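Reading through the structure tokens given below for one structure.
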Amino acid sequence: MIKTYRKTATIQAEQFDGSAEMIEKYHIEYDGAYILPFRIETPEGWLGMKAGDWIATGVKSEHWPIADDVFKASYVEAD
């Protein structure tokens, strides 16, 4: 039987702008030969991302990318 769940933890997130400062801050790699030219290290390995995606930081300080449309459909700003 399928049950409905909601996330219970809050996250911190920042929209990636492709700047050198954010590349350095999150240790992002760049390779323009790929469709998703930026890569960020996550607990599951390196994942591709592009400017405009969000970088979420979890409860264990891990990072992962979230596409802008998915982020906006899944999260609202906490008070």
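Where a number appears in this text, it was derived from the coordinates with a stated rule and is not lab data. All values reported here derive from a predicted model rather than from experimental measurement. Heads up, the Cβs are rebuilt from the backbone with ideal geometry, glycines too, and the neighbour counts pull from every protein chain shown.
Given the options 26, 46, 5, identify the residue whose Cα lies farthest towards the positive end of the charge dipole of the chain (+1 on Cβ of Lys, Arg; -1 on Cβ of Asp, Glu).
Going by the Cα projections, it comes out as 5.
Could you give P(r) for region 19-62, binned at 10 Å from zero, as whole percent values over all Cα-Cα pairs?
P(r) for region 19-62, in whole percents per bin: 25, 62, 13, 1.
Compare the peptides 11-18, 51-58 by average per-residue count of other Cβ atoms within 10 angstrom and give them in order, highest first.
Details: 11-18: 14.4, 51-58: 16.9.
The peptides rank, most packed first, as 51-58, 11-18.
Select from region 22-61 those GluC sites (Glu not before Pro) which occupy a DSSP coil region and have at most 15 other Cβ atoms within 10 Å, ordered by residue number.
Numbers: sites: 24, 29, 41, 44; in loops: 44.
Those satisfying the criteria are 44.
How far is it, in nm, from the label point at residue 6 to the one at residue 60 when both lie 7 Å from their Cα along the line to the Cβ?
Reported label-point gap for residue 6 and residue 60 is 2.6 nm.
At most 11 other Cβ atoms within 10 Å and a DSSP loop assignment: could you name the trypsin sites (Lys or Arg not before Pro) in the chain that fit? Intermediate results must be reported in sequence, preceding the final value.
Details: sites: 3, 6, 7, 25, 39, 50, 60, 72; in loops: 3, 6, 7, 50, 60.
The qualifying sites are 3, 6, 7, 60.
Divide by every residue of the chain the summed helix terms, -39500 (n - 2.57) for each DSSP H run of at least 4, and state the resulting mean residue ellipticity at 222 nm, rounded to the nearest 500 deg cm²/dmol.
On the way: 2 runs with 13 residues, N = 79.
Mean residue ellipticity, 222 nm, calculated: -4000 deg cm²/dmol.
Taking every pair of alpha-carbon atoms in the chain, what share in percent sits in each 10 Å bin, from 0 to the bin with the longest distance?
Cα pair-distance distribution for the chain, in percent: 17, 49, 26, 7, 1.
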